[in-house]
Amino acid sequence: MKISHRWLQEFVALPASEWGSERVSKVLTDLGLEVEDVLDMSAVLDGFVVGHVVDRQPHPKADKLSVCTVDVGQGTPKTIVCGAANVAAGQTVPVALVGAVVPSAGFAIEERPLRGVTSQGMICSQAELGLGEDHAGIWVLDLDAAPGTPLAKALGVDDVIYDVAITPNRADCLSHLGIARDLAAFMRTGVCRTDVSAVPPHTDAAPEVKIEIRDAELCRRFMARRIDGVRIVESPTWLKDRLMSLGLRPRNVIVDVTNYVMHECGQPLHAYDARTITEATFLVQTAGQAGVKEYTTLDGKQRTLDADMLLICDSAGPVGIAGVMGGEHSEITDDTTSVLLESAWFAPSSVRRTAKVLGLSTDASYRFERGVDIDGVEWALDRATQLILELSGGEALNRVDAYPAPLVPASFDVRYERIRSIVGIDVSNDYITKVCQAIGCRVHRTDDAACNITAPTWRMDIAAEIDIAEEVMRLYGIDNVPSAEKAHIAIGASRLPANLRSGGQGGHYQRQHVRTTLCARGYIDCVTNVLGSPEDQHDGDGVTLANALGREFSVMRTSLVPSLLRVASRNLRHGALGVRLMEIGSVFQRDTATEFGIRQQEVLAVLIAGRQAAHWSQKGRPLDLYDLVSDVQAISSDIVMQATDEDVAMFTINTLRCMVGDRVVGYVGQVDPSVVAGCDIDVPVVAAVIDLRGLPGRQRRYAAVSAFPVVERDLALVVTDELRAGELTAAALGAGGPHIRTAEVFDVYRDKALGAGRKSLAMRMTFGASDRTLVDADVDAAIAAITAETGRRFGAVLRGQEQPLAETTSKESSSTGVTS
């Protein structure tokens, strides 16, 4: 959306000393209206001045060139070679001096010879300056400006153009008036709109235009006025310059006025040649009601219409597609003398659908489909009438307004404490009230707790208290919010419904732990579609969508297993030897006991199929139930497997219950072979479904790394052959006191000399403290305690019992092991 700085100044005061283009750009961006580009026309036309052609002579060596002497206000006139046929002495012309860059071509003007005559500049056309489309000859200026006057200043285009990105919810900002309102709200001032009270208002006299709205949902308001005796002339320079600065092409005074008013206040208008509107009657109805299937629009293309598309018709047939484009046979022509002006409000959804189906996007549809101010329809019609009478002459007749069901703006209470809790800043009650007034709300009642307001009709995005909170923050300024090291999150896990929580307050850590554990064991974390087909629902009553994209996406899933089966099938068919898949996601079932009749639950699904890859220590083998049981128990040591004969959906054989204490948290089993075969899988599939809510939540705590060195000790103990290494290290960790950090077995030794059924386990332990460096006495005491404990529990003795202490070696962290 292009916005003119000079035009904004007609609505709100922007003193040059305080409100330069840089500040306007920053303030608009801070308010949420991002300024993507700033074009300073004075800079674009730098080096272009007003010139006066003193003399014109034919070029001595070229019939189509002229040698002109041009006064550019620098004392000595410039010699300029010109190829335009319409150049003549006495003309006032735009001149590009040496060094100026031509906007339309991007090249710099140089002093150079043309057929033997040195040219010291260029006389320009409108097209070359980017200020019009006329390129047939030079631009002869109708200006009373002294030679040498900067061209931008002389033309009145020394303006700044802002290219503003408007978000879809801010339809009110698709005009200069809307942008000015936001700036005025920031400055806590008002906007000044042109007075149109002199325009003839609605009277009780018989109307010259008849209006009938046959679908009040799609067209809530339609206004029209007839203006007789107009002259279709070229628009004045100021109007053309203003439109061209916004990238619009001037047509004639009537069309230019409608475009001007649209960019001024955001209300699209349409002007009809009154001769083409049969019986001066407007019927607003759908194509189905009008019985029309095809229509030729203003661009000469024939459009195929849907029955629901809204049309503007006269008593003979359609004259335009409502909110999108007018018809081919009702446009303004050079011999038009009477005009019917239309200003209306059309339903955004209707215009949006029509424009999309027809593939036709216009400036009017762009605004209608976002929503225009229904109360601004009247002012726009009067403003356009005012300009037409001023620029084209004529007589304005009676204004007709069809408004069957006037809009009732949203009214609601704004609670001050609630606003402060939402925005997180301490603003006063008075500040909140003044923000409401600044954005155009009418404040009806105030007290210490709240105020009651009515939203302005031009702000369709303000409908509730939360919208006022957004406005308070927007006008307060994000940059003005003090930084804080801590944030208070009002919505905690403890406040969520129980069926949406998993793993207690450590739910995030629980999910992270599950993913990390299973991925480390070779699983792929999947994310599958939450929607499926009715055939996928093997568990409970699924929730069917009312407006599904298709049968295969019509039901919210009741289990994660079917989608994982499809993933497994695809991978196996593409050559994968085996698959290990997991997913954490939500499943949905109907449940009349819940608030909305739907129960949502987060679960973990794990699935394996195919073969285990071969390893140097063992051959490849099929993945089976025992592999999955091991992986599930790796998630949590609290899970205990228990055989069951329950009839569990999708699990038909070899089914186990996953127990945590006395609670069932899930099932592990072989998936029904018929379901597996239906997914084109020819190997057995084992799966598990775990309710994450049933797993105890454990949150890891950070322990600072000690700045002091650790001590390593190796201990070789002779134990029975049945003793497991894990039992020995667990005993060492339990008996080693506060300083033991780790214990692990690094060597197993068997020999006849040790005795039948005996082996030697060499164990390496590390000791350390967070506050000091340990001494030998600290470690010796721990070693003695470990030796005594393992001897008592396992009958362990030091290797070489006749020299029990000879088998222990002391060293620092660089120790490498024990020599047998």
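Points to keep in mind about this one:
- Failed item in (1) in contact (Cβ under 8 Å) with a residue 24 or more places away in the chain; (2) open to solvent by 10 Å² or more (accessible area, probe 1.4 Å), with A307 passing the rest: (1)
- Selection count where residues are open to solvent by 30 Å² or more (accessible area, probe 1.4 Å), more than 21 Å from P236 (Cβ to Cβ), touching a residue at least 60 places away in the same chain (Cβ under 8 Å) and within 46 Å of the chain's Cα centre (by Cα), scope region 135-160: 1
- Some residue of region 537-545 being modelled with pLDDT of 80 or more, over 22 Å from D591 (Cβ atoms) and crowded, with 16+ Cβ neighbours inside 10 Å: no
- Under the condition of being touching a strand residue (DSSP E or B) at 6+ places or on another chain (Cβ under 6 Å) and either open to solvent by 40 Å² or more (accessible area, probe 1.4 Å) or outside any strand (DSSP E or B) (or both), the residues counted in region 390-403 number 4.
- Residue within region 282-304 that is at pLDDT below 95, over 39 Å from the mean Cα position of the chain (by Cα), among the hydroxyl-bearing types (S, T, Y) and open to solvent by less than 30 Å² (accessible area, probe 1.4 Å) present: no
- Selected residue (only one of R611, R590, R570 is in contact with a Leu (Cβ under 6 Å, 6 or more places away or on another chain) and surrounded by fewer than 18 Cβ atoms within 10 Å (Cβ to Cβ)): R611
- Within region 218-235, if we keep just the residues that are open to solvent by 40 Å² or more (accessible area, probe 1.4 Å) and in contact (Cβ under 8 Å) with a residue 60 or more places away in the chain, the residue that is farthest from the chain's Cα centre (by Cα) turns out to be G229.
- H52 fulfils the conditions (1) within 30 Å of L177 (Cα to Cα); (2) touching an Asp or Glu at 6+ places or on another chain (Cβ under 6 Å) except for a single criterion, (1).
- Considering residues of region 738-779 that are surrounded by fewer than 15 Cβ atoms within 10 Å (Cβ to Cβ) and among the small types (G, A, S) only, the residue nearest to V705 (Cα to Cα): S770
- Leading residue by the ranking (farthest from the chain's Cα centre (by Cα)) among those in region 382-411 that are under 28 Å from V443 (Cβ atoms) and of a type in the set (A, V, I, L, M, F, W, C): A405
- Pick from region 593-608, criterion hydrophobic (A, V, I, L, M, F, W, C) and open to solvent by 70 Å² or more (accessible area, probe 1.4 Å), ranking: farthest from P534 (Cα to Cα): A593
- Hits in region 673-695 - residues which are charged (D, E, K, R) and either touching a residue at least 40 places away in the same chain (Cβ under 8 Å) or touching a Gly at 6+ places or on another chain (Cβ under 9 Å) (or both): D680, D691, R693
- Test: residue in region 656-672 that is touching a Lys or Arg at 6+ places or on another chain (Cβ under 9 Å), assigned to a strand (DSSP E or B) and loosely packed, with under 14 Cβ neighbours inside 10 Å: no
- Residue check, I374 closer than 24 Å to R193 by Cα and buried (at least 20 other Cβ atoms within 10 Å of the Cβ): no
- In region 637-655, the residues that are open to solvent by less than 40 Å² (accessible area, probe 1.4 Å) and on the phi > 0 side of the Ramachandran plot: M650
- The residues in region 99-127 that are without any contact (Cβ under 8 Å) to a residue 24 or more places away in the chain and outside any strand (DSSP E or B) can be counted, and the count is 7.
- Only listed residue being within 25 Å of E133 (Cα to Cα), without any contact (Cβ under 8 Å) to a residue 24 or more places away in the chain, open to solvent by 50 Å² or more (accessible area, probe 1.4 Å) and not aromatic (F, W, Y), chosen from G83, G75: G83
- Exactly one residue out of L97, L141, L114 is touching a Pro at 6+ places or on another chain (Cβ under 7 Å) and not hydroxyl-bearing (S, T, Y): that is L141.
The values are calculated or read from the model by the stated rules, or taken from the named source; none is laboratory data. Keep in mind it's a predicted model, so treat the numbers as computed, not measured. Positions of Cβ are backbone-derived with ideal geometry, glycine not excepted, and every protein chain shown enters the neighbour counts. Each accessible area value is taken on the protein alone, full model and side chains, heavy atoms only, with ligands, DNA and RNA left out. Shrake-Rupley method; radii C 1.70, N 1.55, O 1.52, S 1.80 Å.
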